[in-house]
1. From other protein chains only, count the Cβ atoms within 10 Å of every residue's Cβ in B:101-110, then give the mean.
2. One decimal, nm, shortest first: give the distances between the label point of residue B:42 and those of the same position in the other copies, each label point 7 Å from Cα along Cα→Cβ.
3. Calculate, in whole percent, how much of the Cα-Cα pair population of the range B:66-140 lies beyond 21 Å.
4. Taking θ as phi - 60°, what are the ³J(HN,Hα) couplings along the range A:108-124 by the Karplus curve (6.51, -1.76, 1.60), each to the nearest whole Hz, with x for Gly and Pro?
5. Be a star and scan the range B:19-36 for residues whose amide nitrogen sits under 13 Å from the point 7 Å along the Cα-to-Cβ vector of residue B:6.
6. Taking only Cα atoms, what is the 0 to 90° angle, nearest 10, from helix A:34-46's long axis to the longest principal axis of chain A?
7. Can you give the Rg to Rh ratio for the protein assembly as shown, taking only C-alpha atoms and Rh from Kirkwood?
8. Whole Å is fine, so just give me how far the alpha carbon centre of the range B:82-119 lies from that of the range A:1-53.
Protein chains: 2
Amino acid sequence: MPKNDEIDRRILRELQRHARLTNVELAERVGLSASACLRRVQDLERSGVISGYHARVDPLAGGAGFIAYVTVALSSHTKENLEAFERTVAAAPQVVECHNITGATSYLLRVEVAGLQQYKKFHTETLAAVPGVAQITTHVLLATTKHRFD
Amino acid sequence: MPKNDEIDRRILRELQRHARLTNVELAERVGLSASACLRRVQDLERSGVISGYHARVDPLAGGAGFIAYVTVALSSHTKENLEAFERTVAAAPQVVECHNITGATSYLLRVEVAGLQQYKKFHTETLAAVPGVAQITTHVLLATTKHRFD
DNA sequence: GCTTCGCACGCAATATCCTTGCGAGATTGG
DNA sequence: CCAATCTCGCAAGGATATTGCGTGCGAAGC
């Protein structure tokens, strides 16, 4: 229901970078009164344009000393295999993101664990144990040189 | 400087999911008084454990109708090539994330654009134009089945 | 064992902020 | 041209953030 006008875009831009801005400061930045600004933000939240507010935590401080992007290929895309895989992924706390992508491998996971041993365990006992998983390729994260808001 | 005890972990857990929690409600959830809780949060911010607060915006509403994960391989890892590539990535607003990974391809990008035409343009005019880029593989995002906090 | 020091806590007070109701001006459609 | 609708700014009260202060607990040293 929001109008997607210049002010809304500015609100989104500011909140994407600084979600804990006070409403009055946000209002000043976008050139609105506090009440009008608040109502717009609430509209954006209700309509789902803003789906949530999240603190970004340093992975190391969060106990994630080993991060990898993992591509997974399924041998057969039967309904049972797909559901079993997605259920495993959803239940695994090590899997932080799961994307369905085109290409030779149909899934791209981001996995965060404490260290190499934990990854080995996850790899063999969790991922490889899912029926229909044909190929697992691990890409260890060396560095993140750009992130959405830095 | 934070102690990484049970209460800090609970604070981080709550703020990762609900960054706009009021401090008093956060204090109740973690079992602390408001002032003590606020001081811990400020410590976590100052020490860099919490690196920022961000609103999550629906990609479609944000104008990103086409999202892809793109792997890039460089022909030679000379200093000039690396720097040219990273400079291009840093300057390109379409690139939302850039990760340096192990494997046959050394970079994994997340690219968000309005549509296929815009992607084609980015692919040929921006990415392929960087000297030393040997291979570009595009994986179109079909769906994201799991994200850190859903 | 006792003392001292430092640290984190809770309480209280003030400044700031959020939130809602209300009336005015602008915009749209008939 | 008028009416309906929408969004705005203003104002008030209730909630919240933020700081100073005193207390208690645990660690280090004597």
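1. 4
2. From this label point to the equivalent ones elsewhere in the assembly: 3.0 nm.
3. 16 percent
4. Each residue of the range A:108-124 in turn: 10, 10, 10, 10, 10, 9, 6, x, 5, 4, 5, 5, 4, 5, 4, 4, 7 Hz.
5. Inside the label zone: B:30-32.
6. Tilt of helix A:34-46: around 30 degrees.
7. 0.98
8. Between the Cα centres of the range B:82-119 and the range A:1-53 lies a distance of 28 Å.
The numbers here are math on the coordinates, done by the rules we state, and not lab data. Small disclaimer: the values here were computed from a predicted structure and weren't measured. Positions of Cβ are generated from backbone atoms using ideal geometry, with glycine treated the same way; all protein chains shown enter the neighbour counts.
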